[in-house]
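Take a look at this one; I'll ask things after.
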Amino acid sequence: MSTLDPWLAIGLSLRAAALATLLSLPAAIALGHALARRRFLGKALVEAIVLLPLVLPPVVTGLLLLRVFGRRSPIGASLAAAGLPLSFSTGAVVLAAAIVGFPLLVRSTRSAFEAIDVRYEQLSRTLGWGKVSTFVRVSLPLAAPGILAGSVLAFTRALGEFGATVVLAGNVEGDTRTIALAVYTLLDAPRSDPAMRPLLAASVGLSLLAVLVHEVLTRHHLERLGLHHE
Amino acid sequence: MNDAPVFDLDLHVSLGVRDIPLQLHTSAKRIAIVGPSGAGKSTFLRILAGVQRRVRGRLRFAGSTWLDSDAGIHAPPEQRRIGWVPQDALLFPHVDVRRNLLGSRAARPERVHALAEALAIDTLLTRFPRHLSGGERQRVAIGRALLSEPALLLLDEPFAALDPARRRDVVGVLSSEVDRSELCVVLVSHDLDRVAPLVDRCFTLTECGFTETNPTSDVTTQD
């Protein structure tokens, strides 16, 4: 008989994915805007590095993160010394989720900014607003639905994260056992159906909802910019 | 009145494969620009607005240097006090007409009502740009530019989407605003007859640059 609590895993997954998305949003917006609007040396390399977690096997991403943040690394050691050991903690779940969702978030914010006619920003400047005010008053609100759509996508990716999480965070009930890890744990367990059912329902339900919301937001974004054609 | 040049420029602009020379020295405060399409009329407005890339040379407006590529001077758009009305209006799609009109740093809310009434857009204040006709959008864009307390108004075919009666009204509003606040104006239009009350001089822009044109000559019937 399995003693795994599926609701603990669902709650942890939702919290970790939400936190991961929220925490990476500012960096993704800054990077997405820079990639959409600026030309700089090494831009292609930056783009490639940002995309890397999307194409790397998640297990490899997890292993690399473990090398950087594990207890034996300088960063991991100083975090542990400060009383914040990262590996095999909920923080590691959030980090893994943030890293795998980041490429989707940056890509979406970049497309959201690219879809804005640059003349809106130029016009705002002629109306007396500097670069920062123009970003806050014009670029960000116009890109917002697209950024939100990307956040939903990154959230969903974070929710389903398995490989990097299991390597970096392990499989500790209540601390690091997310929906995907709980499903994996139950695969070989006898009489696991009662615990499995809510996990599968949550996975499918949340993913479907997220994809729907993403579609609606993307449509809204393009309509508002006058780019949507029936 | 003195005869110091208001528009004093000696520029080269790269437009794809072409390089257009722009030389203009005039003490006229209100000028119209005509010329064949593709000659760079809109680009000229963008240069004055400070948003055009790849411009070399010198540009002075009313005594201040806005551009001097040798000296590394390029005054940013927000310091130029420009009222730019692009041909397609470019109203901000995410805010209603009132917030578009108040979209500039210098706009004073107490002026909105009278100006909106004069431009016959006072019933549209809570609408969003996507629900406006082309002519309505143009009038809102003109209102937004006038409310920004500009020193220089840049009008790109501002009457293209307006019927003749409406056009007369808008020209009236613009004339009174221009007189009231001693605005300088650069107006790109094919319709010189109707904008004549707004301008002192007229220039034709071709790929060889500017040449002065008599405002009453037949360039007015081009379109």
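The values are calculated or read from the model by the stated rules, or taken from the named source; none is laboratory data. None of these values were measured; they are calculated from a predicted model. Neighbour counts run over all protein chains shown; Cβ positions are idealised from the backbone, glycine included.
Restricting the search to the stretch B:98-119, which residues are farther than 17 Å from B:Pro158 by Cβ and away from chain A (no Cβ under 13 Å)?
Across the stretch B:98-119, the qualifying residues are B:Arg98, B:Pro109, B:Glu110, B:Arg111, B:Val112, B:His113, B:Ala114, B:Glu117.
Mind counting the residues in the stretch A:114-128 that are more than 17 Å from B:Leu153 (Cα to Cα) and either buried (at least 24 other Cβ atoms within 10 Å of the Cβ) or more than 14 Å from every other protein chain (Cβ to nearest Cβ) (or both)?
Counting residues in the stretch A:114-128 that are more than 17 Å from B:Leu153 (Cα to Cα) and either buried (at least 24 other Cβ atoms within 10 Å of the Cβ) or more than 14 Å from every other protein chain (Cβ to nearest Cβ) (or both) gives 1.
Next up: Checking A:Val46 against (1) among the β-branched types (Val, Ile, Thr); (2) under 24 Å from A:Leu140 (Cβ atoms); (3) surrounded by 22 or more Cβ atoms within 10 Å (Cβ to Cβ): exactly one of these is not met. Which one?
Only one criterion is unmet by A:Val46, namely (3).
Consider A:Arg191 carefully, then state whether it is in a helix (DSSP H, G or I) and among the basic types (Lys, Arg).
Working: in a helix (DSSP H, G or I): no; among the basic types (Lys, Arg): yes.
The answer is no for A:Arg191.
State the number of residues belonging to the stretch A:164-183 that are under 13 Å from A:Pro58 (Cβ atoms) and either without any contact (Cβ under 8 Å) to a residue 12 or more places away in the chain or hydroxyl-bearing (Ser, Thr, Tyr) (or both).
Number satisfying all stated conditions: 2.
(1) of a type outside the set (D, E, K, R); (2) within 14 Å of chain B (Cβ to nearest Cβ); (3) more than 18 Å from A:Ala115 (Cβ to Cβ): which one isn't true of A:Ala195, the others all being true?
Among (1) of a type outside the set (D, E, K, R); (2) within 14 Å of chain B (Cβ to nearest Cβ); (3) more than 18 Å from A:Ala115 (Cβ to Cβ), A:Ala195 violates only (2).
Looking at the structure I just gave you, is A:Asp175 acidic (Asp, Glu), over 24 Å from A:Ser89 (Cα atoms) and not in a helix (DSSP H, G or I)?
Considered against the rule, which asks whether it is acidic (Asp, Glu), over 24 Å from A:Ser89 (Cα atoms) and not in a helix (DSSP H, G or I), A:Asp175 comes out as no.
Got a sec? Which of A:Ala201, A:Ala180 is part of a helix (DSSP H, G or I), away from chain B (no Cβ under 14 Å) and closer than 30 Å to A:Arg71 by Cα?
A:Ala180
Which pairs turn up if I take residues in the stretch B:123-136 that are modelled with pLDDT under 95 and look for partners that are surrounded by 16 or more Cβ atoms within 10 Å (Cβ to Cβ) and small (Gly, Ala, Ser) with beta carbon separation below 6 Å, at least 6 apart in sequence or on another chain?
Here the result reads B:Gly134/B:Ala161; B:Gly135/B:Ala161, each pair linking the stretch B:123-136 to a residue that is surrounded by 16 or more Cβ atoms within 10 Å (Cβ to Cβ) and small (Gly, Ala, Ser).
Condition first: β-branched (Val, Ile, Thr) and either closer than 30 Å to B:Asp19 by Cα or in contact (Cβ under 8 Å) with a residue 60 or more places away in the chain (or both). Can you find one or more residues in the stretch B:89-96 that meet it?
no
Now for a separate question. With the structure loaded, tell me whether A:Ile147 is within 14 Å of another protein chain (Cβ to nearest Cβ) and of a type in the set (A, V, I, L, M, F, W, C) or whether it fails that test. Let's see the steps before the verdict.
Working: within 14 Å of another protein chain (Cβ to nearest Cβ): yes; of a type in the set (A, V, I, L, M, F, W, C): yes.
Yes.
Looking at (1) among the hydroxyl-bearing types (Ser, Thr, Tyr); (2) away from every other protein chain (no Cβ under 14 Å); (3) without any contact (Cβ under 8 Å) to a residue 40 or more places away in the chain, which is the only condition A:Thr134 fails?
Here A:Thr134 clears every test but (2).
Looking at A:Leu35, A:Leu84, A:Leu45, A:Leu41, which one is within 30 Å of B:Arg53 (Cβ to Cβ), over 17 Å from the mean Cα position of the chain (by Cα) and not in a helix (DSSP H, G or I)?
Step by step, each of A:Leu35, A:Leu84, A:Leu45, A:Leu41 is checked, and only A:Leu41 is within 30 Å of B:Arg53 (Cβ to Cβ), over 17 Å from the mean Cα position of the chain (by Cα) and not in a helix (DSSP H, G or I).
Consider only pairs whose beta carbons are under 6 Å apart and that are at least six residues apart or on different chains; among these, list those whose first residue lies in the stretch B:70-86 and is touching a residue at least 24 places away in the same chain (Cβ under 8 Å) and whose second residue is among the hydroxyl-bearing types (Ser, Thr, Tyr).
As it stands, the answer is B:Pro77/A:Thr126; B:Ile82/A:Thr126; B:Gly83/B:Ser148; B:Trp84/A:Thr126, since those pairs meet every condition given.
Out of A:Phe69, A:Phe88, report the one residue that is at positive phi and touching a residue at least 60 places away in the same chain (Cβ under 8 Å).
A:Phe88
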